[in-house]
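Data first, discussion second: the structure below is written as structure tokens.
The values are calculated or read from the model by the stated rules, or taken from the named source; none is laboratory data. On a predicted model such as this, the values are computed, not experimentally measured, just so you know. Counting neighbours? That spans all protein chains shown, and the Cβs are built from the backbone with ideal geometry, glycine included. To get the accessible areas, we keep the full protein, side chains included, count just its heavy atoms, and leave off ligands, DNA and RNA. Shrake-Rupley method; radii C 1.70, N 1.55, O 1.52, S 1.80 Å.
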Amino acid sequence: MTRVFNFSAGPATLPESVLLQAQAEMLDWNGVGASIVEISHRSADFIAVAAAAEADLRALVGIPDDYAVLFLSGGATTQQALLALNFAAPGETVDYVVTGHWGKTAIKQVKPYAKVNIAADGEPGGFRDIPARDSWRLTPGAAYVHITANETIHGVEFRGTPEVGAVPLFADFSSSIASEPIDVSKYGVIYAGAQKNLGPVGVAVVIIRRDLLERAGQPRADIFDYRSHAERDSMLNTPPTWNWYLAGLVFKWMLAQGGVEEFARRSAIKSKLVYGAIDASGGFYRNEVVPAARSRMNIPYFLPDETLTARFVAESKAAGLIALKGHKAVGGIRASLYNALPVEGAQALVDFMRDFQRRNG
Ligand SMILES: Cc1ncc(COP(=O)(O)O)c(C=O)c1O
């Protein structure tokens with residue numbers, strides 16, 4: 001068996017030890033004589049798995065008790081729509097700071113339900129920077145302010161938490177959750193699809209300050225109501241049990257590796273390696289994001305032309321470095337350096353980049 005270094009933006013690489021454990025437990029979980037995916041979500045066995053995953057995520061991310069933690073199907077995009085349904089009254093204004101593709105998606109999901117004010121927009125600048133905080137046009141009394149902590153496609157990441165006053169700050173952390181310490185108490189809602197740093201696709205994590213669950217929001221079915229999900233411990237309907245279990249194994253792995261401080265240390269090393277190779281290439285490789293806003297998780301970069309880009313993708317794949325083709329919206333190359341990608345993976349990429357430039361530069 002050959003395991004490659006996988007730079008996919010999501011679904012993404014998972015820790016090998018987690019995959020091996022899941023494999024070993026596939027036919028008989030914990031002596032039950034059946035797989036964890038074959039038993040009821042209401043069984044004591046699965047409830048223990050679910051509760052351990054929540055407790056481990058709370059410990060990992062530092063989630064205070066006055067926050068609910070939900071494990072829901074529907075991915076991050078569904079949460080983007082549910083934010084407005086749950087927290088904005090009809091016609092109420094919601095503020096969005098757009099720093100890339102996913103901020104735009106978030107607005108698209110919300111538009112049918114709320115009045116969107118684009119408080120700041122990085123698009124005129126080509127999404128190469130985070131608009132300066134003092135340029136944001138926030139709405140006094142808005143239902144919430146929404147940011148995308150890390151833009152997976154454009155490779156733009158917030159450093160620290162912006163100050164937005166009394167209005168609750170909502171953040172899409174899909175591609176950077178658990179990659180560095182954050183102060184959860186500064187946010188009203190944090191949400192993330194699991195398929196980058198947390199585990200397999202099919203479950204999203206939603207962290208909600210409990211007092212916000214009392215907001216009236218808009219008329220909505222029970223299944224779209226965060227409060228109902230919180231009251232029923234994310235088991236209002238059959239939850240994605242396999243994904244929840246696998247994410248739980250990833251949480252245990254992250255805690256055993258040293259927690260978010262350790263992953264912050266590793267992501268600094270990995271991203272420094274790759275940006276270093278780009279910046280030292282004399283313009284052969286180009287990343288267009290201003291250094292202060294460069295993502296530690298997703299690094300988009302460009303070669304001089306399409307032919308070289310295609311050759312880079314093909315040859316890197318042959319060298320055991322997969323999924324480096326850039327997103328179609330921006331082209332070029334994209335290296336995603338999530339928690340489960342080892343430092344050796346980033347080093348192997350950098351070695352390949354230098355060799356490729358030597359042969360083609
Ligand atoms: C930052 C961000 N937000 C939202 C999404 C959409 O997630 P999903 O496909 O789970 O709906 C993605 C997917 O890549 C993402 O990177």
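A few remarks follow.
- Computed from the C-beta positions of Arg286 and Ala55 and an R0 of 56 Å, the FRET efficiency is 0.80 to the nearest 0.05.
- Under-5 Å amide H pairs with Asn298, H placed in peptide plane, nonlocal only: Leu337
- Residues with amide H under 5 Å from that of Asp121, placed H, sequence gap 5 or more: Val98
- Considering only Ser175, Ser228, Ser135, the mean-square fluctuation computed in a Gaussian network model of the chain, springs between alpha carbons under 10 angstrom, is largest for Ser135.
- A simple spin-label model places the labels of Asp305 and Ala318 2.0 nm from each other, with each point 7 Å out along Cα-to-Cβ.
- Under the Karplus curve 6.51 cos²θ - 1.76 cosθ + 1.60, θ = phi - 60°, whole-Hz ³J(HN,Hα) for the stretch 267-272, x wherever Gly or Pro sits: 5, 5, 5, 5, 5, 4
- Among Ala216, Ala88, Ala24, residue whose mean-square fluctuation peaks in a GNM of the chain (springs only between Cα atoms under 10 Å): Ala24
- Solvent accessible area, Å² - Val98, 1.4 Å probe, full protein context: 0
- Nitroxide proxy distance, nm - points 7 Å out along Cα→Cβ at Arg210 and Asp355: 5.6
- Portion, in percent, of the accessible area of the chain that falls on carbon or sulfur, probe 1.4 Å: 54
- Too-long pairs where the Cα-Cα distance tops 31 Å, listed order kept, from Lys111/Lys252; Lys186/Lys252; Lys252/Lys272; Lys104/Lys325: Lys111/Lys252
- Sequence-distant aspartates and glutamates (8 or more away, or on other chains) whose Cα lies within less than 13 Å of Lys328: Glu306
- Gaussian network model of the chain, Cα within-10 Å springs - most flexible of Ala76, Ala346, Ala256: Ala256
- Rounded to 0.05, the FRET efficiency of the Ser135 and Gln21 pair, given R0 = 41 Å and the Cβ-Cβ distance, is 0.30.
- In plain terms, the bigger the Kirkwood radius, the slower the diffusion; for the stretch 223-361, with that radius from Cα pairs, at 4 °C and 1.567 mPa s, Stokes-Einstein puts D at 75 µm²/s.
- Surface per residue (accessible, 1.4 Å probe) for the chain, Å²: 41
- Among beta bridges from DSSP that stay inside the chain, the antiparallel ones total about 55%.
- Nitroxide proxy distance, nm - points 7 Å out along Cα→Cβ at Ser40 and Ser73: 1.8
- If you wrap the chain in the convex hull of its Cα atoms and look at it from every side, the mean projected area works out to 18.1 nm².
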